[in-house]
Ligand code: GUN
């Protein structure tokens, strides 16, 4: 039976360090979060981020915009926030409505306030392993593994999902940590043949029940990045938790695994932004 990795507890440690530093140095730190439309998952993230801000002593500025807002109006708001000295970090929740170009939005955020590390220059620096802002979910995963004492060096790591915000940067960070990496996606042939090779298996697909026990090697470490609803409407990941936990050595739960770590790294990046701007 796998050990369950307690992402919530690790995240609490990180947030406490941030809170203590903000208090010790009497810093005023602010994060602006913009959500466009009413994606239910996005709303949950934003609510949780607000709570993290309160816990860390970070001031939260929230902008809930209707789904029909024009790209120009959104860019104007970002430009205002770029100039606002109270705001150290700017996050635009993804996904965005189709009429809004996500690259244009990301590139409009000031490089000093890009706490998601979604701009092309920040994403490029991830390749070199040399950056101020860490992509939140991949860094949250790497930090969780470090805290749990799991090394990736030399191991066969399989990432399922190739999104710009999780799969691709995670693969690069694993490579920087000397893992052997394979990235799978919807066109991968013989997916379970590949996933069964994994010493560490990362799933960032966004489909409930996608990773089943027959896709997992005995003793593998399984990291579930998915945030989905099951048929009863309950929050769940990509991994069939019960059956995979029987086979794995370690597994992350949903909720309480990767999600809290992502948000803890966001708080860390917001504090980094404050320091860069001071
Ligand atoms: N949507 C899902 N995860 C994230 C994230 O880490 N940042 C942003 N901006 N949107 C997301």
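Listing for the model above:
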| item | result |
| --- | --- |
| Gain on full stretching of the segment that runs from residue 62 to residue 9 - 0.36 nm per residue minus C-alpha separation | 16.5 nm |
| Distance in nm between pseudo-label sites at residue 146 and residue 86 (7 Å out along the Cβ direction from Cα) | 3.4 |
| Global form of the chain, assessed from the alpha-carbon gyration tensor, a/c cut-off 1.5 | prolate |
| Ranked list, fewest to most other Cβ atoms within 10 Å of each Cβ, for 210, 61, 128 | 128, 61, 210 |
| Relative contact order (%) - region 167-254, alpha-carbon pairs under 8 angstrom, separation at least six | 25 |
| Gain upon complete extension [residue 125, residue 27; 0.36 nm per residue less C-alpha separation] | 32.5 nm |
| Theoretical gain in end-to-end length, residue 72 to residue 235 [0.36 nm per residue, Cα-Cα removed] | 55.2 nm |
| Helix-only [θ]222 nm of the chain, DSSP H runs n ≥ 4, -39500 (n - 2.57) each, per residue, nearest 500 | -13500 deg cm²/dmol |
| Of every Cα-Cα pair in region 169-278, the percent that sits beyond 22 Å | 38 |
| Relative packing of 48-60, 229-241, which averages over residues the other C-beta atoms within 10 Å, highest first | 48-60, 229-241 |
| Global form of region 71-133, assessed from the alpha-carbon gyration tensor, a/c cut-off 1.5 | oblate |
| Cα centroid of region 145-170 to Cα centroid of region 181-201, whole Å | 13 |
| Cβ-Cβ FRET estimate between residue 54 and residue 153, R0 fixed at 41 Å, reported to 0.05 | 0.65 |
| Taking region 79-164 and dividing mean pair separation by its residue count, relative contact order in percent (alpha carbons under 8 Å, at least six apart) | 20 |
| Spin-label zone in region 186-214 - amide nitrogen under 16 Å from a point set 7 Å from the Cα of residue 44 along the C-beta vector | 204-210 |
| Cα shape, region 185-249, gyration tensor, a/c 1.5 rule | oblate |
| Inter-centroid distance (Cα atoms) of region 207-240 relative to region 63-132, Å | 30 |
| Pairwise FRET efficiency - residue 214 versus residue 107, Cβ, R0 = 35 Å, nearest 0.05 | 0.25 |
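No lab work stands behind these numbers, since they all come straight from the coordinates. None of these values were measured; they are calculated from a predicted model. With ideal geometry, Cβ positions are generated from the backbone for all residues, glycine too; neighbour counts draw on all protein chains shown.
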